[in-house]
Structures are given as structure tokens and as C-alpha cells.
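Below: one structure, written as C-alpha cells.
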Amino acid sequence: MDKVVTSAAEAVADIPDGATIAVGGFGLCGIPSVLIDALLEAGTTDLQAVSNNCGVDEWGLGRLLFAKRLRRMISSYVGENKEFARQYLSGELEVELTPQGTLAERMRAGGSGIPGFYTATGVGTQVAEGGLPWKYDTEGNVIVSSPPKETKVFATAEGEKEYVLEEAIVADFGLVRAWKGDRHGNLVFRDSARNFNPLAAMCGRVTIAEVEHLVEPGELDPNEVHTPGVFVQRVVELTPEQAADKRIEKVTTRKKEA
């Protein structure tokens, strides 16, 4: 039951080239930066990453992207990262853009054993009809496009409505960051850092959690646990320095009032 491993390097050592990784975080908030750096140091490449976004040019998943370790991204928002745009438009990176709520539910469904679901989001657009550019060649021509998806009409309280079928996401590995966790893998996320972390933990076949504050089993109030240990296979305890190393995506200040 003790899932603590000695280091982040040990925790990611068996992630192979070509693996699919689900990564928690939103922008730079709640990202598993220590595990990402360990994966970078391991030299793992040809990865498919499932995450709301791809960090920024010099932090988070952006570090793997800059080193050209990512083959494909499934994400919702790709702003704030010039290298991402460059690789995508030059044909170096394949990108499957997904509506944010749909992405969250695809990950949750994968962790719940649900193979797919119907949603109204994207009906009547290229999300459902296909044709979204997933990959370009070096000349700017689209060489891979999204396929059309199955749609179905359901009776609702407002009348008949059309819905599109979305498939669940199950990743080979999930990488998350928790504010507090115990040796059994029970995790607590703090404030907005909760974001996509529980979903990434659920949909990973093997989930690795970096934890800012490691406590003993029984110390966590069960009512406060966001991700039960059944979803987590490995726990990495961060040092105080690692826990404190957090970046702000956009620093905004205002003049001090007199």
C-alpha cells in the first residue's frame, strides 16, 4: 500500500517512447513540473500529451515541446506558446483541438470505464462534421484532418436535439500535482490547482502524483480527499524547494494606492 518512490526520475523511468500521457494543470497552475522535468531528463520522446494546454515556451509541457519530445497534443487551449504555434503550422506537431468541457468529460469518462458519451457541444461545426486541421506539411497543406463523428437526435424537455458522440480518453500514464497526499495515494488539491488534475489522475492506467506535503495514512479527512488512492500508483514527495518553485503565466501589477 505504500506507493512512495524515492525520486521523480524513478517514478517516470518506465514511461516508454510513444506513450500517451495525461497531464494535470491549467495554464501553469497545478502542473506536475517536477515529473515533467524528470521525463525531459530521461530523454523520453515521441509522446502524445493530453492536457488542457501545453504550458509556455520555457515551463511545464513547453519544455518537452521545445525539446521536440511531443509528437501529438490533445488539448483545448494552445495560446501563450509561440513554439507550439510554430511546430503546429510547420508540420512538426499534430494537434487535436477539443472543446474544454468535452476534453474534461472525455478524461473523466476514461477513468470511469465509460467508452463514450453524447454532447451538444460542437454539433453543426467541424467538431462534429470533421475537417479540423490536425497536421500540416512543411508547405502549409493540411495532411491530417479530424474525421466526422456520429450524431444522434435525442428527445429532451425542450424538444428533439442533436448530439455528437465523443470517445473517452484513457492514457498510458497520468502525471499530476497535489497539495497534500498520503502514502496510499489519496490526494487533496488546493483551490484552482485542482483543475484538470483529478481527471488526469483518473484516466491514466498508471498515475504518478508529485505531492507538496506528504502525510501518513489516516491523517487526511476522507471528506477532503479529491482523488482516492485507487487511481494513483506512485507518489513522489517534493522537497520544500520543489514545492515552492511555481511560475506565474502572466504577471499583472497595479500601482500602490497612496
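Restricting the first member to the stretch 26-42 and to residues that are in contact (Cβ under 8 Å) with a residue 60 or more places away in the chain and at positive phi, and the second to residues that are open to solvent by 40 Å² or more (accessible area, probe 1.4 Å) and in a loop (DSSP other than H, G, I, E, B), the beta-carbon pairs closer than 8 Å and six or more apart or on different chains are Gly27/Glu80; Gly27/Glu249; Gly30/Asn195.
The set of residues in the stretch 200-258 that are under 22 Å from the mean Cα position of the chain (by Cα), modelled with pLDDT under 95 and among the β-branched types (Val, Ile, Thr) contains only Ile248. Checking the stated criteria, Thr121 turns out to be without any contact (Cβ under 8 Å) to a residue 60 or more places away in the chain, open to solvent by 30 Å² or more (accessible area, probe 1.4 Å) and within 30 Å of Thr207 (Cβ to Cβ). Sub-6 Å Cβ pairs linking a first residue in the stretch 131-148 that is assigned to a loop (DSSP other than H, G, I, E, B) to a second residue that is open to solvent by 40 Å² or more (accessible area, probe 1.4 Å) and β-branched (Val, Ile, Thr), at least 6 apart or interchain, are Asp137/Ile143, ordered by first then second residue. Of the helices (runs of 4 or more DSSP H) lying entirely inside the stretch 1-95, the ones with 3 or more residues being more than 30 Å from Val215 (Cβ to Cβ) are found at 61-66, 82-89.
How many residues, within the stretch 177-201, are in a helix (DSSP H, G or I) and buried (at least 24 other Cβ atoms within 10 Å of the Cβ)? Spell out how you get there, then give the answer.
The first filter runs over the stretch 177-201 and keeps only residues in a helix (DSSP H, G or I), leaving 191-194, 197-201.
Those still in the list that are buried (at least 24 other Cβ atoms within 10 Å of the Cβ) too: 197, 199-201.
Result for the stretch 177-201: 4.
Among what's in the stretch 244-258 and is of a type in the set (A, V, I, L, M) and without any contact (Cβ under 8 Å) to a residue 40 or more places away in the chain, pick the residue that is least open to solvent (accessible area, probe 1.4 Å). By that ranking, first place goes to Ala244. Checking the stretch 227-243 against the condition returns no match, with no residue being open to solvent by less than 40 Å² (accessible area, probe 1.4 Å), within 20 Å of Leu39 (Cα to Cα), out of contact with any His (no Cβ under 8 Å at 6 or more places or on another chain) and assigned to a helix (DSSP H, G or I).
The values are calculated or read from the model by the stated rules, or taken from the named source; none is laboratory data. Fair warning: this is a prediction, and the values are worked out from it, not measured in the lab. Note: ideal-geometry Cβ built from the backbone for every residue, glycine included; neighbour counts use all protein chains shown. Ligands, DNA and RNA are stripped out before the accessible areas are found, and what is left, the full protein with its side chains, is counted by its heavy atoms. Shrake-Rupley method; radii C 1.70, N 1.55, O 1.52, S 1.80 Å.
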